[in-house]
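I have placed the structure first, in the form of structure tokens, so that the comments after it can refer back to it.
The values are calculated or read from the model by the stated rules, or taken from the named source; none is laboratory data. Remember, predicted model here, so these are calculated numbers, not experimental data. Because the Cβ atoms are built from the backbone with ideal geometry, glycine has one as well, and the counts that use them run over all protein chains shown.
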Amino acid sequence: MPPKSHPRRAILLIQTAFIGDVILATALLERLRQTEPNTPVDFLVRKGNEGLIEQHPHVRDVLIWDKKNHKYRDLWRLLRTIRAGDYERVITLQRFASTGFLTAFSGAPKRIGFDKNPLSFAFTQVTPHLMGQGIHEVTRNLHLLYPESEAPLTPPRLFPTPADEATVAPYISRGPYVCIAPTSVWFTKQFPEEQWLKLLRALPPHYSVYLLGATSDSAVCERLRQESGRDSVVNLAGQLPLLASAALMRGAVLNYVNDSAPLHLCSAMGAPTCAVFCSTVPFFGFGPLSPFSRVVQIEEELDCQPCGLHGYKKCPLGHFYCARGIQTQQLIEALTEAEAWAAAQH
């Protein structure tokens, strides 16, 4: 009599969107570690985002999709890899046909995704995607694991390596500091440069200020550094790996961010956060999750805000008042509250 085969146990999570989306998806890794600690979990990401989770202690293997150079050829390669992986569950966190295709034809007995995915008819479990109801993205994603659960929201989590920690140790040792991540992919999600300059000039002089971003953000950060008039501003854009930036943000008195990936880095590190929302609103489900979090928006009610979920390359009405109407004092008040919160922790 042949031996009984072992049941398929491994799970594959699919999130091939942007950096912030991958960060928020790590909440599923945390929940699975709590509820199914012996279940291996693999993670599929787009090329360029693998550094976020390659050393993640809750991830067995990282699969990479080269969407930019070999999008469709690589999609077929991935499908073969996934089918050979003999997964018990394949879960796509996205609503696009490409990841729906990988899920639908994965061969997994449990194929899970949102109802808005075009291939959801081939899933074995379909979860409603509830956008615009004040539900956080993390909660939306967690419903893919446990659709009937009302368990508390599980924050995302990242794990900087010892090398990341060593990279930022000299900056941390200089004394109290704030971090500013001034850019965003979308113009209408980005607090304007002139507004950041007002903040830089208003910050108390005893703080060092670290400007963070990708290599493509270096020019913006350098302009801010030069025009700020502060010797204590350091342009680190393009000089730190993402997880090193995350480690630096964890030690800041406060991190000023847009509605963009650095906001979610803060959430994953429990780093004090002041999130500036311009054209978008936290009600969409992408607000901060850190123990100390403040959201800064224009205090007036605008008929045109929000103007879209993801932002635009320019203000549709031309005035961009949702950003230009925010007062510097609102951001300084967030710092005062962060100082008080930090003092209360000790």
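So, LEU79, is that one under 20 Å from HIS129 (Cβ atoms), part of a helix (DSSP H, G or I) and not assigned by TED's automatic domain parsing to the domain that holds PHE286 or not?
no
On the basis of being over 16 Å from the mean Cα position of the chain (by Cα), farther than 19 Å from VAL209 by Cβ, modelled with pLDDT under 95 and surrounded by fewer than 24 Cβ atoms within 10 Å (Cβ to Cβ), does GLN327 make the cut?
no
Going by the conditions given, is GLN125 exposed (fewer than 15 other Cβ atoms within 10 Å of the Cβ), in the same structural domain as ILE23 (by TED's automatic domain parsing), at pLDDT 95 or above and closer than 30 Å to PRO282 by Cβ?
Here the answer is yes, as GLN125 does meet what is asked.
Pick out the one residue from ALA246, ALA219, ALA202 that is touching a residue at least 40 places away in the same chain (Cβ under 8 Å), more than 20 Å from ALA163 (Cβ to Cβ) and small (Gly, Ala, Ser).
ALA202
Mind listing whichever residues of region 225-243 are crowded, with 24+ Cβ neighbours inside 10 Å and without any contact (Cβ under 8 Å) to a residue 60 or more places away in the chain?
Within region 225-243, ALA237 is the sole residue that qualifies.
For the structure I just gave you, tell me whether THR39 is surrounded by fewer than 17 Cβ atoms within 10 Å (Cβ to Cβ), under 17 Å from ALA27 (Cβ atoms) and out of contact with any Pro (no Cβ under 6 Å at 6 or more places or on another chain).
yes
THR336 versus (1) surrounded by fewer than 16 Cβ atoms within 10 Å (Cβ to Cβ); (2) at pLDDT 95 or above; (3) more than 25 Å from VAL168 (Cα to Cα): which is the lone unmet condition?
The one condition THR336 does not meet is (3).
Would you be able to say whether some residue in region 246-262 is over 18 Å from the mean Cα position of the chain (by Cα), more than 23 Å from ASP21 (Cβ to Cβ) and part of a strand (DSSP E or B)?
Taking every residue of region 246-262 in turn, none turns out to be over 18 Å from the mean Cα position of the chain (by Cα), more than 23 Å from ASP21 (Cβ to Cβ) and part of a strand (DSSP E or B).
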